Amino acid sequence: MTTAVFTPETEARLATARHVADAVLFEGYVLYPYRASAAKNRLRWQFGVLVPPAWSARCEEHEFQHTECLMEPRPGADLAVEVRFLHAQRRTVQRAAEDGGFETVRELHLEDRVLVPWDEGVEERVELTVPVADLAGEGVSFPFTRPAREETEPVLDGEGRTVGRLLRRREEVSGVVRLSAAELDGPYRTMRLTAVVENTGDWVPEPGGDRDAALPYSLVASHLLLCLDRGSFLSMTDPPEWAKGAVAACRNLHTWPVLAGEPGVTDLVLSSPIILEDHPAIAPESPGALYDATEIDEILALRTAALTDEEKREARGTDERAAAVVELADTMPAEVLERLHGAVRSLREVTAPASHEDPPGHGTARPDTPWWDPGGDTSVDPGNDRVTVDGVPVGAGSRVVLRPGLRHSDAQDLFLHGRTALVEAVLHDVDGGVHIAVTVEGDPGADIRREQGRFLYFQPDEVEPLETA
(Lines give C-alpha, C1' and ligand atoms only; values in the text may rest on other atoms or scores of the structure.)
Protein backbone atom coordinates (compact mmCIF):
# COMPACT_ATOMS: atom_id res chain seq x y z
CA MET A 1 0.00 0.00 0.00
CA THR A 2 1.35 3.42 -0.95
CA THR A 3 0.64 6.58 1.02
CA ALA A 4 1.51 10.20 0.29
CA VAL A 5 1.68 11.57 3.83
CA PHE A 6 4.99 11.62 5.68
CA THR A 7 5.14 10.98 9.40
CA PRO A 8 6.48 13.85 11.53
CA GLU A 9 9.68 11.86 12.09
CA THR A 10 10.23 11.34 8.34
CA GLU A 11 9.37 14.96 7.61
CA ALA A 12 11.97 16.16 10.13
CA ARG A 13 14.66 13.92 8.65
CA LEU A 14 13.93 14.98 5.09
CA ALA A 15 14.02 18.63 6.14
CA THR A 16 17.73 18.32 6.95
CA ALA A 17 18.44 17.28 3.36
CA ARG A 18 16.25 19.90 1.71
CA HIS A 19 18.76 22.71 2.31
CA VAL A 20 21.12 21.16 -0.21
CA ALA A 21 18.25 19.92 -2.37
CA ASP A 22 17.00 23.51 -2.66
CA ALA A 23 20.40 24.51 -4.03
CA VAL A 24 20.05 21.73 -6.63
CA LEU A 25 16.49 22.82 -7.42
CA PHE A 26 17.54 26.39 -8.19
CA GLU A 27 20.99 25.66 -9.67
CA GLY A 28 21.51 28.29 -12.37
CA TYR A 29 17.92 29.55 -11.97
CA VAL A 30 18.90 33.14 -12.76
CA LEU A 31 22.50 34.12 -13.50
CA TYR A 32 24.45 37.26 -12.77
CA PRO A 33 23.76 40.08 -13.65
CA TYR A 34 20.28 38.75 -12.82
CA ARG A 35 18.54 40.49 -15.72
CA ALA A 36 16.29 38.81 -18.27
CA SER A 37 18.04 40.76 -21.03
CA ALA A 38 21.45 39.24 -20.19
CA ALA A 39 22.57 36.81 -22.89
CA LYS A 40 23.26 33.97 -20.44
CA ASN A 41 19.71 34.23 -19.03
CA ARG A 42 18.12 33.60 -22.42
CA LEU A 43 18.89 29.86 -22.37
CA ARG A 44 17.25 28.72 -19.18
CA TRP A 45 17.65 25.63 -17.04
CA GLN A 46 20.48 23.26 -17.93
CA PHE A 47 20.31 20.54 -15.26
CA GLY A 48 17.81 17.79 -14.62
CA VAL A 49 15.31 18.82 -17.30
CA LEU A 50 12.98 15.91 -18.07
CA VAL A 51 11.25 16.79 -21.33
CA PRO A 52 8.13 15.23 -22.88
CA PRO A 53 8.86 12.01 -24.80
CA ALA A 54 7.98 13.59 -28.14
CA TRP A 55 10.60 16.29 -27.60
CA SER A 56 13.22 13.89 -26.25
CA ALA A 57 13.13 12.07 -29.58
CA ARG A 58 14.25 15.28 -31.30
CA CYS A 59 16.91 16.58 -28.90
CA GLU A 60 19.71 15.44 -26.60
CA GLU A 61 17.69 15.90 -23.41
CA HIS A 62 15.95 13.00 -21.72
CA GLU A 63 12.46 12.20 -20.48
CA PHE A 64 13.61 10.12 -17.47
CA GLN A 65 16.11 9.74 -14.65
CA HIS A 66 17.15 6.27 -13.49
CA THR A 67 18.60 5.85 -9.99
CA GLU A 68 20.04 2.66 -8.52
CA CYS A 69 21.58 2.42 -5.07
CA LEU A 70 22.08 -0.17 -2.33
CA MET A 71 20.16 -0.29 0.92
CA GLU A 72 20.01 -2.48 4.00
CA PRO A 73 16.41 -2.22 5.23
CA ARG A 74 15.30 -3.76 8.48
CA PRO A 75 12.17 -5.94 8.62
CA GLY A 76 9.02 -3.87 8.22
CA ALA A 77 10.87 -0.83 6.90
CA ASP A 78 9.10 1.88 4.90
CA LEU A 79 10.70 3.93 2.12
CA ALA A 80 9.73 7.60 1.82
CA VAL A 81 10.26 9.22 -1.58
CA GLU A 82 10.06 12.88 -2.48
CA VAL A 83 10.40 13.94 -6.12
CA ARG A 84 11.09 17.65 -6.48
CA PHE A 85 11.09 19.74 -9.63
CA LEU A 86 10.26 23.18 -10.98
CA HIS A 87 7.15 23.77 -13.06
CA ALA A 88 7.89 26.48 -15.64
CA GLN A 89 5.39 29.32 -15.41
CA ARG A 90 5.31 31.73 -18.36
CA ARG A 91 4.78 35.34 -17.28
CA THR A 92 3.40 37.94 -19.68
CA VAL A 93 3.47 41.68 -18.90
CA GLN A 94 0.42 43.78 -19.78
CA ARG A 95 -0.19 47.52 -19.53
CA ALA A 96 -3.53 49.11 -18.65
CA ALA A 97 -5.17 50.55 -21.76
CA GLU A 98 -7.34 53.66 -21.97
CA ASP A 99 -10.42 51.57 -22.83
CA GLY A 100 -10.17 49.73 -19.51
CA GLY A 101 -8.57 46.63 -20.96
CA PHE A 102 -4.95 45.48 -21.06
CA GLU A 103 -2.38 45.21 -23.84
CA THR A 104 0.72 42.98 -23.86
CA VAL A 105 4.01 44.91 -23.76
CA ARG A 106 7.70 44.02 -23.74
CA GLU A 107 8.36 46.00 -20.57
CA LEU A 108 6.54 48.04 -17.97
CA HIS A 109 8.51 50.74 -16.13
CA LEU A 110 7.78 51.36 -12.46
CA GLU A 111 9.63 53.53 -9.99
CA ASP A 112 11.59 50.70 -8.38
CA ARG A 113 11.66 48.05 -11.12
CA VAL A 114 11.17 47.25 -14.79
CA LEU A 115 8.81 44.33 -15.40
CA VAL A 116 9.60 42.11 -18.40
CA PRO A 117 8.32 38.75 -19.71
CA TRP A 118 9.99 35.84 -17.90
CA ASP A 119 9.63 32.15 -17.14
CA GLU A 120 9.27 31.66 -13.40
CA GLY A 121 9.88 28.35 -11.65
CA VAL A 122 7.18 27.05 -9.31
CA GLU A 123 8.36 24.34 -6.91
CA GLU A 124 6.46 21.05 -7.14
CA ARG A 125 6.73 17.94 -4.95
CA VAL A 126 5.51 14.38 -5.35
CA GLU A 127 5.52 12.57 -2.00
CA LEU A 128 4.86 8.92 -1.28
CA THR A 129 5.67 6.27 1.30
CA VAL A 130 5.76 2.59 0.44
CA PRO A 131 6.67 -0.52 2.46
CA VAL A 132 9.95 -1.99 1.25
CA ALA A 133 8.23 -5.38 1.09
CA ASP A 134 5.99 -4.03 -1.72
CA LEU A 135 8.97 -3.23 -3.94
CA ALA A 136 9.78 -6.83 -4.83
CA GLY A 137 9.30 -7.98 -8.41
CA GLU A 138 7.88 -5.27 -10.65
CA GLY A 139 7.49 -2.95 -7.67
CA VAL A 140 5.05 -0.03 -7.65
CA SER A 141 4.24 2.85 -9.97
CA PHE A 142 2.87 6.20 -8.88
CA PRO A 143 1.58 8.42 -11.72
CA PHE A 144 1.13 12.14 -11.02
CA THR A 145 -0.23 15.20 -12.82
CA ARG A 146 0.06 18.91 -12.20
CA PRO A 147 -2.81 20.67 -14.00
CA ALA A 148 -2.67 23.72 -16.24
CA ARG A 149 -3.34 26.99 -14.46
CA GLU A 150 -3.72 30.65 -15.31
CA GLU A 151 -3.79 33.59 -12.92
CA THR A 152 -3.35 37.36 -12.98
CA GLU A 153 -1.73 39.79 -10.57
CA PRO A 154 -2.44 43.53 -10.71
CA VAL A 155 0.51 45.90 -10.98
CA LEU A 156 0.14 49.07 -8.94
CA ASP A 157 2.17 52.27 -9.06
CA GLY A 158 3.45 54.14 -6.03
CA GLU A 159 0.05 55.77 -5.49
CA GLY A 160 -1.85 52.50 -5.60
CA ARG A 161 -3.29 52.94 -9.11
CA THR A 162 -3.51 49.93 -11.43
CA VAL A 163 -1.06 50.49 -14.28
CA GLY A 164 -0.93 46.93 -15.60
CA ARG A 165 -1.03 43.29 -14.69
CA LEU A 166 1.03 40.11 -14.84
CA LEU A 167 -0.54 37.14 -16.60
CA ARG A 168 0.90 33.80 -15.51
CA ARG A 169 0.25 30.56 -17.34
CA ARG A 170 1.24 27.00 -16.42
CA GLU A 171 0.75 24.06 -18.75
CA GLU A 172 -0.18 20.57 -17.58
CA VAL A 173 2.74 18.30 -16.76
CA SER A 174 2.50 14.61 -15.94
CA GLY A 175 4.90 11.88 -14.96
CA VAL A 176 5.36 8.64 -13.12
CA VAL A 177 7.58 7.38 -10.30
CA ARG A 178 8.54 3.71 -10.55
CA LEU A 179 10.08 1.93 -7.56
CA SER A 180 11.39 -1.61 -7.28
CA ALA A 181 13.97 -3.52 -5.25
CA ALA A 182 15.80 -6.82 -5.58
CA GLU A 183 17.73 -8.66 -2.87
CA LEU A 184 21.38 -9.36 -3.65
CA ASP A 185 23.29 -12.54 -2.99
CA GLY A 186 25.76 -12.29 -0.14
CA PRO A 187 26.28 -12.51 3.60
CA TYR A 188 24.20 -9.40 4.36
CA ARG A 189 20.59 -8.49 3.59
CA THR A 190 21.33 -5.91 0.94
CA MET A 191 18.91 -4.75 -1.74
CA ARG A 192 19.36 -2.85 -4.97
CA LEU A 193 16.77 -0.08 -5.06
CA THR A 194 15.69 1.24 -8.46
CA ALA A 195 13.84 4.56 -8.69
CA VAL A 196 12.79 5.96 -12.07
CA VAL A 197 11.24 9.39 -12.55
CA GLU A 198 9.75 9.87 -16.02
CA ASN A 199 7.92 12.61 -17.89
CA THR A 200 4.87 10.99 -19.51
CA GLY A 201 3.32 14.12 -21.00
CA ASP A 202 1.59 13.79 -24.36
CA TRP A 203 2.59 17.26 -25.63
CA VAL A 204 3.76 17.16 -29.25
CA PRO A 205 5.93 19.95 -30.67
CA GLU A 206 4.84 21.81 -33.73
CA PRO A 207 7.04 21.64 -36.84
CA GLY A 208 9.98 23.93 -36.26
CA GLY A 209 9.29 24.06 -32.52
CA ASP A 210 12.21 24.73 -30.18
CA ARG A 211 13.30 23.93 -26.64
CA ASP A 212 11.64 27.06 -25.31
CA ALA A 213 8.27 25.67 -26.35
CA ALA A 214 8.96 22.35 -24.56
CA LEU A 215 9.99 23.81 -21.18
CA PRO A 216 6.46 24.51 -19.85
CA TYR A 217 5.68 20.80 -20.30
CA SER A 218 8.94 19.61 -18.66
CA LEU A 219 10.00 18.64 -15.16
CA VAL A 220 12.80 21.13 -14.55
CA ALA A 221 15.76 20.54 -12.19
CA SER A 222 14.24 17.17 -11.27
CA HIS A 223 15.79 15.23 -8.36
CA LEU A 224 14.60 12.98 -5.56
CA LEU A 225 15.09 12.34 -1.86
CA LEU A 226 14.92 8.81 -0.42
CA CYS A 227 14.53 8.03 3.28
CA LEU A 228 14.37 4.72 5.16
CA ASP A 229 12.61 4.78 8.51
CA ARG A 230 14.46 1.62 9.57
CA GLY A 231 17.70 0.68 7.91
CA SER A 232 20.47 2.40 5.98
CA PHE A 233 21.86 3.11 2.52
CA LEU A 234 25.40 2.32 1.39
CA SER A 235 27.65 5.02 0.00
CA MET A 236 27.93 4.84 -3.78
CA THR A 237 31.22 6.75 -3.77
CA ASP A 238 32.93 5.02 -0.85
CA PRO A 239 31.24 1.64 -0.31
CA PRO A 240 32.61 -1.08 1.97
CA GLU A 241 34.96 -3.52 0.27
CA TRP A 242 32.41 -6.33 0.12
CA ALA A 243 29.89 -4.10 -1.71
CA LYS A 244 32.14 -2.55 -4.36
CA GLY A 245 31.16 -5.06 -7.03
CA ALA A 246 27.44 -4.51 -6.43
CA VAL A 247 27.90 -0.73 -6.47
CA ALA A 248 29.78 -0.93 -9.77
CA ALA A 249 26.87 -2.92 -11.25
CA CYS A 250 24.33 -0.20 -10.41
CA ARG A 251 23.03 1.87 -13.33
CA ASN A 252 22.54 5.57 -12.77
CA LEU A 253 21.36 7.52 -15.80
CA HIS A 254 21.13 11.33 -15.82
CA THR A 255 21.42 11.45 -12.04
CA TRP A 256 23.70 10.30 -9.20
CA PRO A 257 22.79 9.28 -5.61
CA VAL A 258 24.79 10.39 -2.57
CA LEU A 259 24.24 10.08 1.16
CA ALA A 260 22.51 13.21 2.46
CA GLY A 261 22.00 14.89 5.81
CA GLU A 262 24.59 15.35 8.53
CA PRO A 263 27.86 13.38 8.35
CA GLY A 264 27.32 9.90 9.75
CA VAL A 265 23.66 9.75 8.70
CA THR A 266 22.99 6.82 6.39
CA ASP A 267 19.20 6.69 6.10
CA LEU A 268 18.93 9.56 3.58
CA VAL A 269 19.89 9.73 -0.10
CA LEU A 270 19.78 12.66 -2.52
CA SER A 271 19.77 11.63 -6.18
CA SER A 272 20.80 14.71 -8.12
CA PRO A 273 21.54 15.64 -11.75
CA ILE A 274 24.52 17.58 -10.38
CA ILE A 275 27.51 15.56 -9.25
CA LEU A 276 27.92 15.87 -5.47
CA GLU A 277 29.89 14.13 -2.74
CA ASP A 278 28.39 12.29 0.22
CA HIS A 279 26.78 14.55 2.82
CA PRO A 280 26.95 17.77 0.78
CA ALA A 281 26.31 20.92 2.77
CA ILE A 282 25.82 24.63 2.23
CA ALA A 283 28.84 26.61 3.44
CA PRO A 284 27.96 28.20 6.79
CA GLU A 285 29.48 31.48 5.58
CA SER A 286 26.97 31.74 2.69
CA PRO A 287 24.60 34.66 3.42
CA GLY A 288 21.80 33.35 1.23
CA ALA A 289 20.90 31.86 -2.14
CA LEU A 290 22.60 33.57 -5.09
CA TYR A 291 21.43 30.99 -7.69
CA ASP A 292 24.52 31.42 -9.92
CA ALA A 293 26.67 28.50 -8.74
CA THR A 294 29.39 29.13 -11.34
CA GLU A 295 30.86 31.85 -9.10
CA ILE A 296 31.74 32.15 -5.43
CA ASP A 297 29.59 34.14 -3.03
CA GLU A 298 32.12 36.90 -2.38
CA ILE A 299 32.58 37.75 -6.06
CA LEU A 300 28.85 37.61 -6.77
CA ALA A 301 27.99 39.80 -3.80
CA LEU A 302 30.56 42.44 -4.75
CA ARG A 303 29.62 42.45 -8.43
CA THR A 304 25.89 42.58 -7.68
CA ALA A 305 26.35 45.51 -5.31
CA ALA A 306 28.25 47.30 -8.10
CA LEU A 307 25.38 47.10 -10.62
CA THR A 308 23.99 50.46 -11.72
CA ASP A 309 20.64 51.63 -10.39
CA GLU A 310 19.04 50.96 -13.78
CA GLU A 311 20.48 47.43 -13.89
CA LYS A 312 19.13 46.77 -10.41
CA ARG A 313 15.68 48.02 -11.45
CA GLU A 314 15.61 45.49 -14.28
CA ALA A 315 16.90 42.70 -12.02
CA ARG A 316 14.16 43.45 -9.48
CA GLY A 317 11.56 43.25 -12.24
CA THR A 318 12.98 40.04 -13.71
CA ASP A 319 12.18 37.71 -10.81
CA GLU A 320 11.42 37.85 -7.11
CA ARG A 321 14.49 35.75 -6.41
CA ALA A 322 16.68 38.12 -8.44
CA ALA A 323 15.22 41.03 -6.48
CA ALA A 324 16.11 39.23 -3.24
CA VAL A 325 19.73 38.83 -4.42
CA VAL A 326 19.99 42.57 -5.16
CA GLU A 327 18.54 43.38 -1.74
CA LEU A 328 20.93 40.93 -0.08
CA ALA A 329 23.97 42.48 -1.79
CA ASP A 330 22.86 46.03 -0.98
CA THR A 331 22.24 45.35 2.71
CA MET A 332 25.02 42.86 3.49
CA PRO A 333 26.90 43.95 6.64
CA ALA A 334 30.68 44.31 6.34
CA GLU A 335 31.28 41.51 8.85
CA VAL A 336 29.21 39.09 6.72
CA LEU A 337 31.15 40.01 3.59
CA GLU A 338 34.37 39.53 5.52
CA ARG A 339 33.40 35.93 6.29
CA LEU A 340 33.09 35.23 2.57
CA HIS A 341 36.74 36.06 1.93
CA GLY A 342 37.89 32.53 2.71
CA ALA A 343 37.65 29.67 5.15
CA VAL A 344 39.93 26.78 6.08
CA ARG A 345 38.12 23.71 7.41
CA SER A 346 40.61 20.85 7.11
CA LEU A 347 43.64 22.26 8.93
CA ARG A 348 44.24 23.03 12.58
CA GLU A 349 47.25 24.27 14.48
CA VAL A 350 48.66 21.77 16.97
CA THR A 351 50.05 23.53 20.01
CA ALA A 352 50.34 20.71 22.53
CA PRO A 353 53.80 19.15 22.88
CA ALA A 354 54.27 15.63 21.60
CA SER A 355 54.27 12.94 24.23
CA HIS A 356 56.86 10.16 24.33
CA GLU A 357 54.13 7.77 23.12
CA ASP A 358 53.36 9.79 20.01
CA PRO A 359 54.82 8.68 16.69
CA PRO A 360 57.39 10.94 15.05
CA GLY A 361 55.78 14.08 13.63
CA HIS A 362 52.66 13.86 15.83
CA GLY A 363 51.91 17.12 17.67
CA THR A 364 54.69 18.96 15.83
CA ALA A 365 54.51 22.73 16.20
CA ARG A 366 54.12 24.99 13.17
CA PRO A 367 57.49 25.32 11.38
CA ASP A 368 59.25 28.66 11.05
CA THR A 369 59.51 28.30 7.26
CA PRO A 370 57.01 26.96 4.73
CA TRP A 371 57.46 23.38 3.62
CA TRP A 372 57.52 24.57 0.02
CA ASP A 373 58.20 27.99 -1.46
CA PRO A 374 56.81 28.27 -5.02
CA GLY A 375 58.88 31.39 -5.63
CA GLY A 376 62.06 29.54 -4.83
CA ASP A 377 61.38 26.43 -6.87
CA THR A 378 63.16 26.90 -10.19
CA SER A 379 62.09 23.47 -11.47
CA VAL A 380 58.70 24.81 -12.55
CA ASP A 381 57.91 27.68 -14.92
CA PRO A 382 54.18 27.75 -15.81
CA GLY A 383 54.64 30.38 -18.52
CA ASN A 384 57.28 28.41 -20.41
CA ASP A 385 56.78 24.77 -19.39
CA ARG A 386 55.40 22.43 -22.04
CA VAL A 387 53.80 19.01 -21.99
CA THR A 388 53.63 16.54 -24.87
CA VAL A 389 50.09 15.62 -25.97
CA ASP A 390 49.68 13.16 -28.86
CA GLY A 391 53.30 13.80 -29.81
CA VAL A 392 52.83 17.60 -29.91
CA PRO A 393 54.49 19.96 -27.35
CA VAL A 394 51.75 22.06 -25.74
CA GLY A 395 52.44 25.20 -23.73
CA ALA A 396 51.40 28.81 -23.27
CA GLY A 397 50.14 30.13 -26.62
CA SER A 398 49.12 26.72 -28.00
CA ARG A 399 45.59 26.17 -29.28
CA VAL A 400 43.73 23.02 -28.28
CA VAL A 401 40.31 21.38 -28.59
CA LEU A 402 38.70 20.55 -25.23
CA ARG A 403 37.59 16.94 -24.71
CA PRO A 404 36.57 16.93 -21.02
CA GLY A 405 34.32 14.44 -19.32
CA LEU A 406 36.61 11.42 -19.13
CA ARG A 407 36.40 11.56 -15.35
CA HIS A 408 32.84 12.93 -15.19
CA SER A 409 33.96 15.30 -12.46
CA ASP A 410 32.01 18.37 -13.56
CA ALA A 411 28.58 18.38 -15.17
CA GLN A 412 29.35 21.72 -16.85
CA ASP A 413 32.03 20.03 -18.95
CA LEU A 414 29.13 19.09 -21.23
CA PHE A 415 29.06 22.67 -22.54
CA LEU A 416 32.82 22.80 -23.19
CA HIS A 417 33.20 19.61 -25.19
CA GLY A 418 34.56 20.41 -28.64
CA ARG A 419 35.30 24.08 -27.90
CA THR A 420 38.68 25.51 -28.88
CA ALA A 421 40.84 27.14 -26.23
CA LEU A 422 44.12 29.00 -25.80
CA VAL A 423 46.65 27.51 -23.40
CA GLU A 424 47.73 30.08 -20.80
CA ALA A 425 50.10 27.96 -18.71
CA VAL A 426 51.23 24.43 -17.89
CA LEU A 427 51.34 23.73 -14.17
CA HIS A 428 52.77 20.90 -12.09
CA ASP A 429 51.36 20.02 -8.68
CA VAL A 430 53.31 18.62 -5.74
CA ASP A 431 52.06 15.10 -6.50
CA GLY A 432 53.55 15.13 -9.97
CA GLY A 433 50.30 15.85 -11.82
CA VAL A 434 50.17 18.14 -14.84
CA HIS A 435 47.39 20.69 -15.38
CA ILE A 436 46.79 22.80 -18.48
CA ALA A 437 45.30 26.25 -17.79
CA VAL A 438 43.20 27.59 -20.68
CA THR A 439 40.81 30.35 -21.70
CA VAL A 440 37.97 29.38 -24.05
CA GLU A 441 38.09 31.08 -27.43
CA GLY A 442 35.05 33.23 -28.11
CA ASP A 443 34.48 33.85 -24.38
CA PRO A 444 33.69 37.60 -24.08
CA GLY A 445 35.13 37.60 -20.56
CA ALA A 446 38.44 35.96 -21.54
CA ASP A 447 40.47 39.16 -21.14
CA ILE A 448 39.11 39.76 -17.65
CA ARG A 449 39.75 36.14 -16.65
CA ARG A 450 43.30 36.40 -17.99
CA GLU A 451 43.98 39.57 -16.00
CA GLN A 452 42.63 37.95 -12.83
CA GLY A 453 44.36 34.62 -13.45
CA ARG A 454 41.02 32.78 -13.43
CA PHE A 455 41.47 29.92 -15.88
CA LEU A 456 39.85 26.57 -16.61
CA TYR A 457 42.09 23.59 -15.91
CA PHE A 458 42.31 20.30 -17.78
CA GLN A 459 44.63 17.33 -17.74
CA PRO A 460 46.65 16.43 -20.84
CA ASP A 461 44.33 13.58 -21.85
CA GLU A 462 41.38 16.00 -21.90
CA VAL A 463 42.71 18.16 -24.75
CA GLU A 464 43.68 17.68 -28.39
CA PRO A 465 46.36 19.89 -29.96
CA LEU A 466 45.30 21.84 -33.02
CA GLU A 467 48.89 21.95 -34.24
CA THR A 468 50.30 18.79 -35.79
CA ALA A 469 53.51 17.08 -34.76
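Would you mind working out the magnitude of the charge dipole of the range 210-260 relative to its Cα centre, with +1 at each Lys and Arg C-beta and -1 at each Asp and Glu C-beta, to the nearest 20 Debye?
Values: 4 positive and 5 negative charges, 29 e Å.
The dipole of the range 210-260 has a size of about 140 debye.
Quick check on the range 220-266: what are the equivalent-ellipsoid semi-axes from the Cα gyration tensor, as sqrt(5λ), descending, whole Å?
19, 17, 9
Per 0.36 nm of contour for each residue apart, how much would the distance between Arg125 and Ala306 grow if the chain were fully extended, relative to their Cα-Cα spacing?
On the way: separation 181, 0.36 × 181 = 65.16 nm, distance 3.65 nm.
Gain on stretching Arg125 to Ala306: 61.5 nm.
Considering only protein heavy atoms, with the full assembly of protein chains and a 1.4 angstrom probe, order Glu63, Glu68 by accessible area, largest first. Walk me through the intermediate numbers first.
Values: Glu63 45, Glu68 20 Å².
If we order Glu63, Glu68 from most to least accessible, we get Glu63, Glu68.
Order Thr92, Thr10 by their accessible area, 1.4 angstrom probe, all chains in place, largest first. If you can, show how the numbers build up before the last one.
Numbers: Thr92 45, Thr10 15 Å².
Sorted descending by solvent-accessible area, the residues read Thr92, Thr10.
Work out the charge dipole of the range 71-139 with +1 on the Cβ of Lys and Arg and -1 on the Cβ of Asp and Glu about the Cα centre, then indicate which of Gly137, Pro117, Pro73 is farthest towards its positive end.
Most positive-ward Cα: Pro117.
Full-extension gain between Gln412 and Val204, please, as 0.36 nm times their residue separation minus the C-alpha to C-alpha distance. Could the numbers behind the result be given before it?
On the way: separation 208, 0.36 × 208 = 74.88 nm, distance 2.88 nm.
Taking 0.36 nm per residue and subtracting the Cα distance, the gain is 72.0 nm.
Hey, what does the equivalent ellipsoid look like for the range 6-137, semi-axes from the Cα gyration tensor as sqrt of 5 times each eigenvalue, largest first, whole Å?
Working: eigenvalues 324, 69, 47 Å².
The answer is 40, 19, 15 Å, longest axis first.
Note down the net charge around Arg211, summing +1 for each Lys or Arg and -1 for each Asp or Glu among other residues with Cβ under 11 Å from its Cβ. Spell out each step's value before the answer.
Details: positive: Arg44, Arg58; negative: Glu60, Glu61, Asp210, Asp212.
Net of charged neighbours comes to -2.
How much net charge surrounds Cys250 when only the other residues with a Cβ under 13 Å from the Cβ of Cys250 are counted, with Lys and Arg +1 and Asp and Glu -1? Kindly include the intermediate steps, with their values, before the conclusion.
On the way: positive: Arg192, Lys244, Arg251; negative: Glu68.
With Lys, Arg at +1 and Asp, Glu at -1, the neighbours total +2.
With viscosity set to 1.306 mPa s and temperature to 10 °C, compute the Stokes-Einstein D of the range 134-284, Rh being the Kirkwood radius across alpha carbon pairs; µm²/s, no decimals.
Values: Rh = 19.1 Å.
It diffuses with D of about 83 µm²/s by this estimate.
How large is the Rg to Rh ratio of the range 61-172 when both quantities use alpha carbon positions and Rh follows Kirkwood?
On the Cα set of the range 61-172, Rg over Rh gives 1.23.
To the nearest 0.05, how large is the calculated FRET efficiency for Leu466 and Glu150 if R₀ is 60 Å and r is the Cβ-Cβ distance?
0.70
The values are calculated or read from the model by the stated rules, or taken from the named source; none is laboratory data. The structure presented is a predicted model; accordingly, all values stated were derived computationally and were not measured. Cβ sites come from the backbone with ideal geometry, for glycine too, and all protein chains shown count toward neighbours. Just the protein is used for accessible areas: all its heavy atoms, side chains included, with ligands, DNA and RNA removed. Shrake-Rupley method; radii C 1.70, N 1.55, O 1.52, S 1.80 Å.
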